[in-house]
Amino acid sequence: MRVQIDSKRPTCILRSMSGNPFVTTRRFSRGKRSPAYGPQIQACRLLTLPNLVLLFGITVCLTVAGCMQRRVSSGSALWPAAANAETGEDAVDDVVVPATKLSPQVHSEKHVHPEKKLKSASSFQIRGQSPQAPPVVAQETVREGFLPEYPRYPVRASSPSGWLRYQSPQASTPPAVTEPVPAGPGGDAAGVEPLGDLLLQPPGTADLDIFVEEARTGRFMFGAGVNSNAGLTGHIVIDERNFDILRFPTSFQDFLNGTAFRGGGQGLRIEAVPGTLFERYVVNFTEPYLLWTPFSLNVSGFLFERRYEDWSERRKGARAGLGYRITHDLSVNASLRMLEVDIYNPSVEGVAQLDEMVGDHDLYGGRVTLAHDTRDIPFLPTQGHLLELSFEQMFGSFDYPRGIVDYRQYFLVRERADGSNRHTLAVSTRLGVSGAQTPIFENFFAGGQSTIRGFDFRGASPVDSGVTVGGEFMLLSTVEYMFPLTADDMLKGVFFLDAGTVEEDVEINGDNFRVSPGFGLRISIPALGPAPLAFDFAFPVANAPYDDIEHFSFFFGFGR
């Protein structure tokens, strides 16, 4: 059997060799680290019970446990936690080691209790080391089934000084080769005694020892990119996924050993994106478990500047949001935002919609979003769907409502036996409606790589006296088929059909409806990260007379 720890949810999965899982919830208290703890790979220790209890005083013929590696998941909304390759950091592995000093029976399923008999873990101990917190001991209750309604509370040590977080990188590290643990002295489990007495444990229970070590949680990234929508941009990011806003340093040594402002499981991201046409600066703080509840908190401040063809726009403001995951796939989020928008450098004068917007405007609003997400991975998914419903009401210089429905469905058409070379059919529809008092800078626009290919950026939008003004109604749809061109999945081809319209009023005008088929390439370069280079050629067969056609588009960090 093997133990899988989910990094984002406080859940442990016991999975037998047959693949049937048990999802566990846990409450943690303080424990001790084993002196025999290894520096590289951390062990998961599984104690299984014999099916028959022999006579008292006679030694038991012990079952088995073997060495299996399981990479700890990184924290995106994946389930099961398998293939998240967003960063390519080194992964942390949990390896199952024998529960006793008898010779292990590696991968011997005949010695493992049937899943139906393993109902609970009588004792659960986590050993290992984290720079943020002392290790902990957990008391577990194991429930049968996959993806149950389990509470999502964080892992916390009884000591107020620290927390243990299963932060891990992505699944890009090859699986480690595991070997049976020596039964005699000097093995990985030397000096570690089992938590309980096998003969005295209740039937259907097992003791678990897990050895862990925290993976790297901080990142500093920089780079550059270019695309047909935003021009040339740079990218500088400082990202810490185990931040602690309340853990102030007590000495300079705290900075040297990496414990200052770390260990709370919070997220801090500082991002700077300077560019020729587009600039963005963001500071974002995330608390995944607010006051030890299933609610999450997100607070951010931003500065945004964009030089469009018809005007330039500068935005600065802040946003605060609360999220709650109702089920594994269903979540709700409520947020407030306030921003100041400055419109300047209009390209022409005499256009009423643009002239009225020049200057500063203050906006305040609230937004509610309901999302149902079953995608296998959030970036370039191959199966599942995403349905997102959002409503926002804005006040201030302008009062207007806005509603958006976003639906994306992914079908896995075919794949190899090992899961590679996947052919994917994706269908998406996006519908948006905004109020009559919506300012021009908050209107809907279409055209470009992320909306309707075959048109210039915002080139498939309503125009007034030569100025692209956008509209209050948007309907966009895409059908795309992606298939591998090489065995290593580094080169993929796509065929697509983009269609839709943006209207000044809530209506669909057949004369303005756009249809644009095309094809493209996706090139994955590991040195540049997981995002492939996207090159698309599109040829509109239906368009409005004022549209701006552009057959070729390209994008770095592409994801629809």
Q. With respect to residue 322, is the statement that it is crowded, with 18+ Cβ neighbours inside 10 Å and assigned to a strand (DSSP E or B) true?
A. no
Q: Would you tally the residues in segment 279-329 being hydroxyl-bearing (Ser, Thr, Tyr) and touching a strand residue (DSSP E or B) at 6+ places or on another chain (Cβ under 6 Å)?
A: 6
**Q.** Test set (1) at pLDDT below 95; (2) farther than 24 Å from residue 460 by Cα - residue 322 fails condition number
**A.** (1)
Q) residue 378 passes all but one of (1) in a loop (DSSP other than H, G, I, E, B); (2) more than 30 Å from residue 324 (Cβ to Cβ); which number fails? A) (2)
Q) When residues of segment 533-560 are filtered for being in contact (Cβ under 8 Å) with a residue 60 or more places away in the chain and within 30 Å of the chain's Cα centre (by Cα), how many remain? A) 10
Q: Take segment 238-264 and flag every residue that is touching a Lys or Arg at 6+ places or on another chain (Cβ under 9 Å) and surrounded by fewer than 16 Cβ atoms within 10 Å (Cβ to Cβ).
A: 238, 254
Q. Taking the condition among the acidic types (Asp, Glu), touching a helix residue (DSSP H, G or I) at 6+ places or on another chain (Cβ under 9 Å) and touching a residue at least 40 places away in the same chain (Cβ under 8 Å), does residue 313 pass?
A. yes
Q) Can you tell me which residue in segment 340-378 is modelled with the lowest pLDDT, limited to those that are under 30 Å from residue 424 (Cβ atoms) and of a type outside the set (Ser, Thr, Tyr)? A) 378
Q) Residues in segment 350-359: is at least one free of Cβ contacts under 8 Å to residues at least 40 places away in the same chain and either among the polar types (S, T, N, Q) or touching a Lys or Arg at 6+ places or on another chain (Cβ under 9 Å) (or both)? A) no
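Kindly indicate whether any position in segment 490-509 is on the phi > 0 side of the Ramachandran plot and among the basic types (Lys, Arg).
Residues of segment 490-509 that are on the phi > 0 side of the Ramachandran plot, as a first pass: 500.
From what is left, the residues that are among the basic types (Lys, Arg) are none.
Within segment 490-509, none of the residues are on the phi > 0 side of the Ramachandran plot and among the basic types (Lys, Arg).
Conditions (1) within 29 Å of the chain's Cα centre (by Cα); (2) assigned to a loop (DSSP other than H, G, I, E, B), marked per residue:
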residue: 446; (1), (2): yes, yes
residue: 449; (1), (2): yes, yes
residue: 479; (1), (2): yes, no
residue: 494; (1), (2): yes, no
residue: 501; (1), (2): no, no
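Quick one: count up the residues across segment 265-306 that are among the basic types (Lys, Arg) and surrounded by 17 or more Cβ atoms within 10 Å (Cβ to Cβ).
Here is the first cut: in segment 265-306, the residues among the basic types (Lys, Arg) are 269, 280, 306.
Remaining after also requiring surrounded by 17 or more Cβ atoms within 10 Å (Cβ to Cβ): 269, 280.
Of the residues in segment 265-306, 2 are among the basic types (Lys, Arg) and surrounded by 17 or more Cβ atoms within 10 Å (Cβ to Cβ).
The values are calculated or read from the model by the stated rules, or taken from the named source; none is laboratory data. On a predicted model such as this, the values are computed, not experimentally measured, just so you know. Reconstructed Cβ throughout: ideal geometry from the backbone, glycine too, with neighbour counts over all protein chains shown.
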